[in-house]
Amino acid sequence: MLQIDNLKYTYDKTLYDFSLHVKENEIVGVTGESGSGKSTLLDLIAGFLPPLGGSIIFKNRDINKLDAEKRPLTILFQKYNTFEHLTVLKNVLLGITTSLKPKASEIIKAKEILNEVGLKEFEDKLASTLSGGQSQRVALARSLLRDKPILLLDEPFTGLDFETRIKMLNLVKKISKKRGLCTIMVTHELNDCKLIADRVYKVIDGKLVCKD
Amino acid sequence: MLSNSIWRFRLSIIPGSLISFLLLLLAFGIFYTLFLNSGFENFSSVLITSRVQGLIKFTLFQAFLSTLLSVFIGTLLAWSLAHQNSFRGRDFLIALLSSSLVLPTLIVVFGIITILGNNGWINRSLLYLFNFSFENSIYGLGGILVAHVYLNASFAARSLLHIFESIPKERYKLAKSLNFSTYRRFALIEFPAIKLSLKSISSTIFLLCFTSFAIVLTLGGSPSYNTLEVAIYEAVRLDFDIPLALKLALIQLSITMFLVFLSSNFNIGISNIKTSSNQIPWKEPKKLQFFQLIVISIFTILFILPLISIFVDGFGANFIKILSNKLFLKSLITSLVIATFSSIFTVVFALLISDARRNFNINYRVKKTKLSSFINILISFSGNIYLAIPSLILGLGFFLLSQKFQAPLLLWSLGAILCANILMSLPFALSIIYPTMQKVALRYDKLSFSLNLNGSKRWLYCEWPYLKSSVAYVFALSFCLSLGDLGVVALFGSNEITTLPWYLYQLMGSYQTKDSAGVALILLVLTLSVFIFLPKVFKNVANR
């Protein structure tokens, strides 16, 4: 269980105070207007912003004090998830070896996951040659390879065409449920939330308000 | 697409193409004149002399070394500044880096000699404190490298800082969450982002150093540290050996033409875009933070010291004597008039050439064919002609033409200086104005078709609001570059034709230290004031 309690942050005269509990195997959607602070919530959980107070407890451990890279989570952004000058396989392998000198077993695992997200035949292609949906699949594959129990999605499928977006949302749901992840998805598309989220929150005046 | 609009676009190609054609004609005319007068039959005998081979080797060597050092130091500084976003004085330092582009080279030389010269601040301090001083002279390769690196490392740092800061923050967040080391971060995120610009910045710096004149002339010291450019000057003004000067000019022209044509599509890599104040979401380890702050501090001290020395030494000058000197006033007025005209021409030329280029680069405006691509390359090349034909060679060409057409030398000299200043500013002007014009076209073409905005209305609503700050910046940049140039005037300079840099050079040459310090200060204050305040004045007027 991921427990976020009174996680506070201030920006541009707005005080944010987020509280949210996410169970294993659960997908929580967070919506809100542009600039309402949706992405700030993810930045705070991921450790990119220092909170003014509050706690983030995961499996009885306060992860709030940990550096970003040591937190048990992985994050997907709307853009810039891949390194265009690297191949698809290398992009995925970066999830476990930043020196890009993987063991044979790691390569096999990466290939299995590429197969899982439907990109088996793309492993040797440069990331720059992929479409928007394919790039997000690569990023998703990397997240899965990292094998972290918390998955954060920061408007990951905004900008994709309708059909691709639906496919990607279903893929995330399938993988998230199969692996029992705690998933938080931030998006301004309420319909995306309705499609895959177990609960939906909206950011209003710096606070999370449950919509269900 | 409306056929009327298409025809308007096609017609708008004409003015810019015409200017490009005239610039190319000028380049060809000068090349042809030099070629005709050089005595082609003896050309190979000049090329194989050990002196000329030595000149070519040294010119290439110092340009290569200067580029290597400038790009390395500039990258290190830009990287440090990008990661140290919140120290006091950062904005001031960045403004100083921007101004290095327009600092008159003679001022930089003056400052460097004041600090590092035999009787400079460092040696005097060492002598006072430890009764010891460096015997090594600043004149020679060391001095040339210091001055080149001073000017070009700042230019590289300013250009690269903008690129470091444009790297999407998501990339850093992703890298942080993947536990990248500092090395991995640089190798996988930062280097790929700056790689392309490094190429264009390096080629620009190499060409600037290859054709560098004032620095080598004043800091070279002995003939063994001469470059082709200085050798041409000496052949004309000291040895009166015009045939040798022509042959050397032809050699230099061939090399630079080749280099510029190789990189005719490059971006010179400057912009007037403000740097971002967004913090990179990556807290550096303490040791690295310390290292970055040390890099910034050392560079700031080294950069600021020569400028401070000009202020300190300049204040000791007798300004009443300087300001009442008729030759000084004449130099000042000539410099200001030439700078004003060359800035106006530069802005107009840059706008027209950019307009022509964007038509060729947007497929629905002009269909891409082999011919249109070729014309596009020629137009790009015409904007960078100065890098191939430095002002001294241009001056030499004008000198020969003046003899052929028997027109008054004064008229030809002023024409040559004006022309050289426009050509000098044009690569910078195009690199600032063209991207904005291209962006405006892509953003507003369809909207202006649908609203039937054409001609002056389109200019007023779509172009001018986005271009005015770039135009002001280009005007100020061109004005300052013109104000500080010691190029063509070195060939034609006399009591009749004189500019501020030439007057300063004369004072330095005749060891009038106090007066030259005063004139250097005036030139520095004038340049910095124009560079800082002119865009602001322009903006206020344009907003009225």
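Within chain A, what is the longest stretch that has no GluC sites (Glu not before Pro) placed in a DSSP loop and near at most 14 other beta-carbon atoms within 10 Å?
A:85-212
If you count, for every residue in B:176-186, the Cβ atoms of partner chains within 10 Å of its Cβ, what is the mean?
5
Hey, could you get me the Stokes-Einstein D for chain B, Kirkwood radius over alpha-carbon pairs, 20 °C and 1.002 mPa s, rounded to whole µm² s⁻¹?
86 µm²/s
Mind listing the long-range amide H neighbours of A:Val30? Cut-off is under 5 Å, sequence gap 5 or more, other chains count too, H placed in the peptide plane at 1.01 Å from N.
A:Met185, A:Val186, A:Thr187, A:Tyr201
In a Debye calculation with equal point scatterers on the alpha-carbon sites of region B:383-456 and no solvent, what is log10 I(q)/I(0) at q = 0.17, 0.19, 0.24 Å⁻¹?
One equal scatterer on each Cα of region B:383-456 leads to -0.71, -0.78, -1.01.
Dipole of the protein assembly as shown (Lys/Arg Cβ +1, Asp/Glu Cβ -1, origin at the Cα centre): which of B:Ile393, B:Ala520, A:Phe162 lies farthest to the positive side?
Ranked along the dipole, the leading option is A:Phe162.
Using alpha-carbon pairs under 8 Å, 6+ residues apart, how would you state the relative contact order of region B:51-187 in percent?
Computed value for region B:51-187: 41 percent relative contact order.
Pop out the ³J(HN,Hα) list for region B:92-98 in order, Karplus 6.51 cos²θ - 1.76 cosθ + 1.60 with θ = phi - 60°, rounded to Hz; leave Gly and Pro as x.
5, 4, 5, 4, 5, 4, 5
Tell me, which longest segment in chain B has none of the GluC sites (Glu not before Pro) that fall in DSSP loops with at most 15 further Cβ atoms within 10 Å?
Counting only loop sites that pass the neighbour cut-off, the longest clear stretch is B:136-495.
Any idea what diffusion coefficient region B:92-208 gets from Stokes-Einstein, in µm²/s, Kirkwood Rh on alpha carbon pairs, 25 °C, 0.890 mPa s?
143 µm²/s
What's the percent breakdown of Cα-Cα distances in region A:82-146 across 10 Å bins, shortest bin first?
26, 62, 12
Would you tell me the mean number of C-beta atoms belonging to other protein chains that fall within 10 Å of each C-beta in A:66-79, as a whole number?
Neighbouring Cβ atoms belonging to other protein chains average 3 per residue here.
Relative to the first principal axis of the alpha-carbon coordinates of chain A, what is the inclination of helix A:162-179, with its axis defined by its Cα atoms, in degrees from 0 to 90 and to the nearest 10?
Roughly 80 degrees, rounded to the nearest 10.
Got a sec to turn the phi values of region A:95-112 into Karplus ³J(HN,Hα) couplings, 6.51 cos²θ - 1.76 cosθ + 1.60 with θ = phi - 60°, whole Hz, x for Gly and Pro?
x, 10, 9, 6, 7, 6, 10, x, 7, 4, 5, 5, 5, 4, 5, 4, 5, 4
When N is the residue count of chain A, what does its C-alpha Rg come to as a fraction of 2.2 N^0.38 Å?
Cα Rg divided by the expected 2.2 N^0.38 Å: 1.01.
Starting at the first residue of region B:363-372, write each ³J(HN,Hα) from the Karplus equation 6.51 cos²θ - 1.76 cosθ + 1.60 with θ = phi - 60°, in whole Hz, x for Gly and Pro.
After applying 6.51 cos²θ - 1.76 cosθ + 1.60, I find 4, 6, 7, 10, 5, 6, 10, 4, 5, 5 Hz.
Per residue of B:165-174, how many C-beta atoms from partner chains lie within 10 Å of its own C-beta, taken as a mean?
That average works out to 5.
Using only alpha-carbon positions, what ratio does the radius of gyration of the protein assembly as shown give when scaled by 2.2 N^0.38 Å?
Computed over Cα atoms of the protein assembly as shown, the ratio equals 1.12.
Please sort B:382-391, B:292-301, A:90-99 by packing, taking for each peptide the average over its residues of neighbouring beta carbons within 10 angstrom, highest first.
B:382-391, A:90-99, B:292-301
In terms of modelled amide H atoms, which long-range or inter-chain residues lie less than 5 Å from the amide H of A:Ile75?
Counting only residues 5 or more places away or on other chains, the set is A:Leu152.
Could you tell me what percent of the DSSP beta bridges with both partners in chain A are antiparallel, to the nearest 5?
55 percent
Per the Debye formula with a single identical scatterer at each Cα and no solvent contribution, what log10 I(q)/I(0) holds for region A:1-106 at q = 0.12, 0.16, 0.19 Å⁻¹?
Log-scaled intensity ratios, in q order: -0.53, -0.86, -1.06.
So which of B:Lys199/B:Lys247; B:Lys367/B:Lys536; A:Lys202/B:Lys446; A:Lys125/B:Lys195 end up more than 28 Å apart by C-alpha?
Result: B:Lys199/B:Lys247; B:Lys367/B:Lys536; A:Lys202/B:Lys446 exceed 28 Å.
Could you name the aspartates and glutamates in cross-link range of A:Lys120, using Cα to Cα under 14 Å and dropping any fewer than eight places away on the same chain?
Output for A:Lys120: A:Glu112.
Can you pick out the pairs among A:Lys111/A:Lys173; A:Lys103/A:Lys178; A:Lys70/A:Lys103; A:Lys38/A:Lys207; A:Lys148/A:Lys177 whose Cα atoms lie more than 18 Å from each other?
Cα-Cα > 18 Å for A:Lys111/A:Lys173; A:Lys103/A:Lys178; A:Lys70/A:Lys103; rest within.
If each DSSP helix of 4+ residues adds -39,500 (n - 2.57) and the sum is divided by the residues in the protein assembly as shown, what number results at 222 nm, nearest 500 deg cm²/dmol?
The per-residue figure over the protein assembly as shown is -21500 deg cm²/dmol.
Please list, ordered by chain and number, the residues whose modelled amide H lies under 5 Å from the amide H of B:Gly221; skip anything fewer than 5 residues away on the same chain.
Close amide H contacts, sequence-distant or interchain: B:Gly140.
Read the figures in this text as sums done on the coordinates, not as results from a lab. Keep in mind the model is a prediction, meaning the values are calculated, not measured. With ideal geometry, Cβ positions are generated from the backbone for all residues, glycine too; neighbour counts draw on all protein chains shown.
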